[in-house]
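For reference, the structure is listed below as structure tokens.
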Amino acid sequence: MKVLQLRTEKCVQCGECMSACSKAWFKEDNPALSRIKIENKATYPNINVCNQCGACIEICPTKALERDANGIVQVRKDKCTSCLMCVGFCPSASMFFNAAKQTEPFKCISCGICAKACPTGALELLTTPESK
Amino acid sequence: MITVNGNQSEWEEGLTVKQLLARENYTFRMLSVWINDRPVEKKDFPTHLIPDRANVQVIHNISGG
Amino acid sequence: MEMKEMKLLSEWSYEPAKIQRGYANETLYVGLGNKDGNYKFEKRPVSEDMKENFTGGRGFGLKLLWDAVKEGTKWDDPENELVIAGGPFCGITQYPGTGKSYTVFLSPATKQTYNSNAGGYFGPFLKFSGFDALEVQGKADRPVVVFIDGDNFKVQIFESTLEDNNAYYISEELHDYFAKDEQDKRTISVISTGMAAKTSYIVGLNFSFYDVRRKAVRLKQAGRGGGGTVLCDKNIAAIVVKRTKFTGIENDPVDVETIMKAGASLHKRIHDHDNEQCQMRAAGTAHLTEIMDDYELLPVHNYKYGSHKDIGNISSHEYIKLFSQGTADGCWYGCSLACAKAVDHFPLQTGPWKGKEVVVDGPEYETAAGLGSNVGIFDPHWTIEANFYADHYGLDTISLGTTMAWVCECYELGLINKENTHGLEMTFGNKKDLMELIHRIANAADDFAVATGWGIEAAREYYSKNYGADLEVMKKIGMVCQGLEASEYRCQESMAQWGGYFLTLKGPQHDEAWLIFMDMVNKQLPTYEDKAEALYFFPCFRLWFSLHGLCKLPWNDIEPVDNSIKYKGIEAARVPEHLNNYLNIYTAITGKPLDRDGMILQSEKVYNFERIFNLRMGKGTSKFHEAPDRGLGPVWEDEWMARPDYFDTKLKEFGEEIEGKSVKEKITLLQKHRRAQWEQLKAAVYKRRGWNKNGIPTLKTVKRLGIDYPEVVALLEKHLKPEDEFEEE
């Protein structure tokens, strides 16, 4: 399964990843629409992005959250009722929403566009062994 | 003597909030304790001392039904 | 699926309303004729006046029922209706507890209006199908299934081919019948009752939803007041609604962002703190049993006692072990409080499905206590089986529990005997015979079972006439008022809760005011005026939820961590942050501002209208607000001797000398003093509510509330007497 690996010490908070992600998925350059969020803590950045742990899967009342063939947790919009329980229950608060664009939440699906855009190598898409 | 929810109650030196709750058999989880109109945080129940002649209110925040 | 294809009797197509700012602005009327197959369908508009004065939900239900019936209408006349309505919040998915609907009808048990709330999908799907309310009137000429097809905008009436007339069978079959495939089953909701509805008055309605993980139907109940009896009287086997598509803005809010933010943040709060607060996700409302026991509030042996040594057997720990954990148990999308717990693979030991492994919905606290400690049984497996069959047969677990507890005491006092009961030994704790009685009530097996199934008020008349049982004694120990059995809290030691049970609109159901702790433990209501203020405010406050499609549990069964530090006293009990969520979401849906006063006004209009409606039906006055002796304190010596120091102190507080008095004398004195307090409480509450001494809303009150319709004024002028007025201050 491909998951984003984070090398936080290399992050210079340039915002290129958020720009690339939001433009790719929402056609708008806006950090609020990015599926990876860089937060500025006092002495270091915090990179908040889904690690495909799957804790949200059992929370969803319609089973709209499921792993695809590559093991990535996807939001199936045809089943999603926009209840946002997954947002509240994500252990790392990595499920996001933005009312202006849609009522369904959104998350990282390991496409790697942000890793390509990152100038310092702080993000890398790596294949991890499948966990049972 | 102290007052607990309007009733007179015994006091002794070193009486903590936690001890008082046990003595009054207030076992409910979601309690808030106010002493002389000031709230006591839950984490301080085991150590917070109740002064003599205090007006203690033990509010059960129970929703019920 | 077993059922044969159903014959279509009548069909009607409609143009669906577009939901605007929380309202479809139309209601659906279905007339069944009068056993003559004369089916009728109508779309009716919702007026601005209706929204202004009745808001939605229970308010719409009362308004539509008022228009449908006349002063002399009986519950089993064809004019009686079942009216089901959600409200402006109903159907949003982002905030916990927004799938509720109220069913309003003339009740066989109370002989006035009753309104019963249920969780689940029916209310939202009805609204998405284009209707703010459904009215069903008349009686079908054969058992029918009414199908509201919100996908194809048709209403159809089928001749039922259901072979078993009990709820789980009906619900499973109809989810199967109307669904295209397994995936489609969750787009359906079924209203049904059970076989007990043929003869019993303590029969409610089941509202289904489909559990996609369990692959089984789940049932929530509009349990109280006899709605199931009315459904059966109308010859309706089931009401079904289907709606497949809806979006996160189906309710057409002005500002969905506010709703999304409030919802996500409450989900997070529940995730972080439910486990250290009420444990709703793990135990549901059954988390309350040991708490009630600790404070002498658990009903034990027909409310005689408040605690029992075997409480450990029915504590939340025991139920958490039996409920399946970690599955999405909300009764509508977006409820992260998820209190609809279930026991899976439960093997039934008795009855028509003996040996079958079933999903049991619950028990809730009321069932754990009513079909548990109140009948002297401390065995969760017995309670779970009783819960299952009660739901399946349609029996209201609260009325059933309280009635059976009363029966046990009557039996143990020798008021009725084994011959009367057709061989059943109705002693507290007799698991075998109490379970057998449940089956016999459902089956109308004999005269005793049928009479008992009418509920306490009618049963005691029967026992008195036919068994020579002492009616006065049965009245003292019967926890019933206005024809409705009390729910499962011991109100004896809290004067405010006497009012919370016996000064209510519909009977001693705790959804008006639950003030026991505020009064008895926290001592926050020391004077009559304080109690009266609480008995004015909280019923209005809680009624607000019933107008909107809201469940009250997410309001105060989860709290912000600093709620009781930031806010003092009774203000903390209002959970201001969550209250503000509701005000903000109301505006986010409708575009209209709302503050606390506005909230109370919406409720107060409907509160008083309901009171006046009950007056119209021949009730609704002071004499029906009576408290049984058992509701005010001990009746027998063993109750006094369970807490002798406590009761001696209570008697001394009235200035009585206790030296040299027998227990019997002390009981009589305490009852006398408390009854005098009861009369004072009643007067203080009536005054605060803007009613006269006879409990009737005054003309001044109805004018202030804007509900002075000509019919209302005419009715009041008939009943208001100058000698009943309170003096102006």
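Throughout, read-outs are computed from the coordinates displayed, never taken from laboratory work. Since this is a predicted model, take the numbers as computed values, not measurements. Because the Cβ atoms are built from the backbone with ideal geometry, glycine has one as well, and the counts that use them run over all protein chains shown.
Given C:694, C:119, C:719, which one lies farthest toward the positive end of the charge dipole of the protein assembly as shown, if we put +1 on the Cβ of every Lys and Arg and -1 on the Cβ of every Asp and Glu?
The one lying farthest along the dipole's positive direction is C:119.
Measure out, as a whole number of angstrom, how far apart the alpha-carbon centroids of region C:396-466 and region C:9-46 sit.
42 Å
Given an 8 Å cut-off on Cα distances and at least 6 residues of separation, report the relative contact order of chain A as a percent.
On the way: 235 pairs, mean separation 44.3, N = 132.
For chain A, the relative contact order is 34 percent.
Could you point to the residue in C:560, C:544, C:521 farthest towards the positive end of region C:491-617's charge dipole, with +1 and -1 charges on the Cβ of Lys/Arg and Asp/Glu respectively?
Result: C:544, furthest along the dipole toward the positive end.
Where in region B:15-65 are there trypsin sites (Lys or Arg not before Pro) that are in a DSSP coil and have at most 15 other Cβ atoms within 10 angstrom of their Cβ? Please list the in-between numbers first.
Values: sites: B:18, B:23, B:29, B:42, B:43, B:53; in loops: B:29, B:53.
Answer by residue number: B:29, B:53.
By its C-alpha gyration tensor, with a ≥ b ≥ c as the square roots of the eigenvalues, how is region C:72-208 shaped: rounded for a/c under 1.5, else prolate for a/b larger than b/c, else oblate?
oblate
With each label point set 7 Å from Cα along the Cα-Cβ vector, what nm distance links residue C:275 and residue C:52?
Placing both labels 7 Å along Cα→Cβ, they lie 5.2 nm apart.
Hey, quick one: spin label on residue A:76, modelled 7 Å out along Cα-Cβ, who in region C:180-210 has an amide N within reach, i.e. under 17 Å?
C:180-188, C:210
Considering every residue in A:84-95, what mean count of other chain Cβ atoms within 10 Å of its Cβ is obtained?
Numbers: counts 17, 17, 3, 8, 12, 6, 3, 1, 0, 2, 0, 1.
Per residue, the number of nearby Cβ atoms from other chains is 6 on average.
Can you give the charge dipole size of region B:2-60 about its Cα centre, rounded to the nearest 20 debye, using +1 on the beta carbon of Lys and Arg and -1 on the beta carbon of Asp and Glu?
280 debye
Report the relative contact order of region C:1-112, percent, no decimals, based on alpha-carbon pairs under 8 angstrom and at least 6 residues apart. Don't skip to the end; give the middle numbers.
Details: 135 pairs, mean separation 22.5, N = 112.
Taking the mean separation of contacting Cα pairs over the length of region C:1-112, I get 20 percent.
Which shape class, rounded, prolate or oblate, goes with chain C when its Cα gyration tensor gives a ≥ b ≥ c as root eigenvalues, a/c under 1.5 marks rounded, and past that a/b bigger than b/c marks prolate?
Details: a/c = 1.37, a/b = 1.20, b/c = 1.14.
Judged from the Cα gyration tensor, chain C comes out rounded (a/c under 1.5).
Just check region C:256-485 against the gyration tensor rule for me: Cα atoms, a ≥ b ≥ c as the square roots of the eigenvalues, rounded for a/c under 1.5, and otherwise prolate or oblate depending on whether a/b exceeds b/c.
It is prolate, given that a/c is not under 1.5 and a/b is the larger ratio.
Starting from region C:230-280, pick out the trypsin sites (Lys or Arg not before Pro) whose DSSP state is loop and whose Cβ has at most 13 other Cβ atoms within 10 Å.
Answer by residue number: C:245.
Taking Cα atoms, how many degrees apart are the long axis of helix A:16-26 and the longest axis of chain A, rounded to 10 and kept between 0 and 90?
30 degrees
Calculate, for residue A:29 and residue A:66, the FRET efficiency according to 1/(1 + (r/R0)^6) with r their C-beta to C-beta distance and R0 45 Å; round to the nearest 0.05. The partial results should precede the final answer.
Values: r = 30 Å, r/R0 = 0.67.
So, using R0 = 45 Å, E works out to roughly 0.90.
Can you give the charge dipole size of region C:12-242 about its Cα centre, rounded to the nearest 20 debye, using +1 on the beta carbon of Lys and Arg and -1 on the beta carbon of Asp and Glu?
Approximately 620 debye in magnitude.
Within region C:1-93, report the trypsin sites (Lys or Arg not before Pro) that DSSP leaves as loop and that have at most 15 other Cβ atoms within 10 Å.
When the trypsin sites (Lys or Arg not before Pro) of region C:1-93 are filtered for loop state and at most 15 Cβ neighbours within 10 Å, C:4, C:18, C:21, C:35, C:70, C:74 remain.
Using the basic label-point model (7 angstrom from Cα toward the beta carbon), what is the residue A:42 to residue C:439 distance in nanometres?
7.0 nm
Neighbour counts of other C-beta atoms within 10 Å: give me A:36, C:456 arranged from fewest to most. Intermediate results must be reported in sequence, preceding the final value.
Working: A:36 25, C:456 30.
The most exposed by this proxy come first: A:36, C:456.
Defining a contact as two alpha carbons under 8 Å apart and six or more residues distant in sequence, what relative contact order in percent does chain C show?
Averaging sequence separation for qualifying contacts and normalising by length gives 14 percent for chain C.
Between residue C:2 and residue C:252, what is 0.36 nm times their sequence separation minus the Cα-Cα distance? Round to one decimal in nm.
Extending this stretch completely gives an extra 86.0 nm.
Just rank C:333, C:607, C:709, fewest to most, by other beta-carbon atoms within 10 angstrom. Walk me through the intermediate numbers first.
Working: C:333 28, C:607 23, C:709 15.
With the sparsest Cβ surroundings first, the list reads C:709, C:607, C:333.
Between residue C:182 and residue C:583, 0.36 nm times their residue separation minus their Cα-Cα distance comes to what?
Gain in length upon complete extension: 140.5 nm.
Mind giving me the nanometre distance, one decimal, between the label points for residue C:344 and residue B:1, set 7 Å out from Cα along Cα→Cβ?
It works out to 5.9 nm between the two label points.
Report ³J(HN,Hα) in whole Hz for each residue of region A:75-91, in order, from the Karplus equation J = 6.51 cos²θ - 1.76 cosθ + 1.60 where θ = phi - 60°; Gly and Pro get x.
8, 7, 4, 6, 9, 5, 9, 6, 6, 6, 5, 5, 4, x, 9, 5, x
Just the Cα atoms of the protein assembly as shown: what Rg and Dmax do they give in Å?
Computed over the Cα atoms of the protein assembly as shown, radius of gyration and Dmax are 28.4, 94 Å.
What residues have an amide H closer than 5 Å to that of residue C:139, excluding those fewer than 5 places away on the same chain, when H is modeled at 1.01 Å from N in the peptide plane?
Excluding prolines and chain starts, which carry no amide H, the hits are C:32, C:33, C:34, C:35.
Counting only other chains, and only Cβ atoms inside 10 Å, what mean value do you get across the residues of C:178-187? Mind showing how you got there, number by number?
Numbers: counts 0, 0, 0, 0, 0, 3, 0, 0, 4, 0.
The per-residue average across the peptide is 1.
Counting only other chains, and only Cβ atoms inside 10 Å, what mean value do you get across the residues of A:59-66?
Other-chain Cβ atoms within 10 Å of each residue's Cβ, averaged: 5.
Once amide H atoms are placed 1.01 Å from N in the peptide plane, what residues at a sequence separation of 5 or more from residue C:254, or on another chain, have their amide H within under 5 Å of its amide H?
C:589, C:590, C:591
Quick one: which of C:127/C:356; A:37/C:127; C:341/C:619; C:63/C:242 span more than 29 angstrom between C-alpha atoms?
Long pairs (Cα-Cα over 29 Å): C:127/C:356; A:37/C:127; C:341/C:619.
Calculate the dipole size of region C:432-549 relative to its Cα centre from +1 charges on Lys and Arg beta carbons and -1 charges on Asp and Glu beta carbons; express the result in debye to the nearest 20.
That gives region C:432-549 a dipole magnitude of about 40 debye.
What list do you get for C:327, B:3 if you sort them by fewest beta carbons within 10 Å?
Lowest to highest Cβ neighbour count: B:3, C:327.
Show me, for region C:402-410, the HN-Hα J-couplings you get by feeding each phi into the Karplus relation (A = 6.51, B = -1.76, C = 1.60, θ = phi - 60°), rounded to Hz, glycine and proline as x.
Karplus-based 3J(HN,Hα) across region C:402-410 equals 5, 5, 5, 4, 5, 4, 4, 5, 4 Hz.
Report, in listed order, any pair from C:7/C:220; C:552/C:687; C:198/C:552; C:111/C:432; C:531/C:623; C:18/C:51 with a Cα-Cα distance greater than 24 Å.
Violating the 24 Å limit, Cα to Cα: C:7/C:220; C:552/C:687; C:198/C:552; C:111/C:432.
My understanding is that a pair violates if its Cα-Cα distance is over 29 Å; which of C:523/C:652; A:107/C:100; C:465/C:650; C:475/C:682 do that in this structure?
Violating the 29 Å Cα-Cα cut-off are A:107/C:100; C:465/C:650.
Which Cys in chain A stand alone, with every other cysteine's Cβ at 4.7 Å or more from theirs?
Among the cysteines of chain A, those whose Cβ sits 4.7 Å or more from every other are A:11, A:14, A:21, A:53, A:60, A:80, A:83, A:90, A:111, A:118.
With r defined as the distance between the Cβ atoms of residue A:10 and residue A:102 and R0 fixed at 41 Å, what FRET efficiency is calculated, to the nearest 0.05?
0.80
If R₀ is 22 angstrom, what is the calculated FRET efficiency for the pair residue C:727 and residue C:623, using the beta carbon separation as r and rounding to 0.05?
Calculated transfer efficiency: 0.50.
Tell me, in nm to one decimal, what length is gained between residue C:235 and residue C:659 on full extension, where the rule is 0.36 nm per residue of separation less the Cα-Cα distance?
Here the segment from residue C:235 to residue C:659 would lengthen by 146.4 nm.
Among A:40, A:1, A:95, flag the residue with its Cα farthest along the positive direction of the charge dipole of chain A, charges on Cβ as +1 for Lys/Arg and -1 for Asp/Glu.
Final value for the positive-end residue is A:1.
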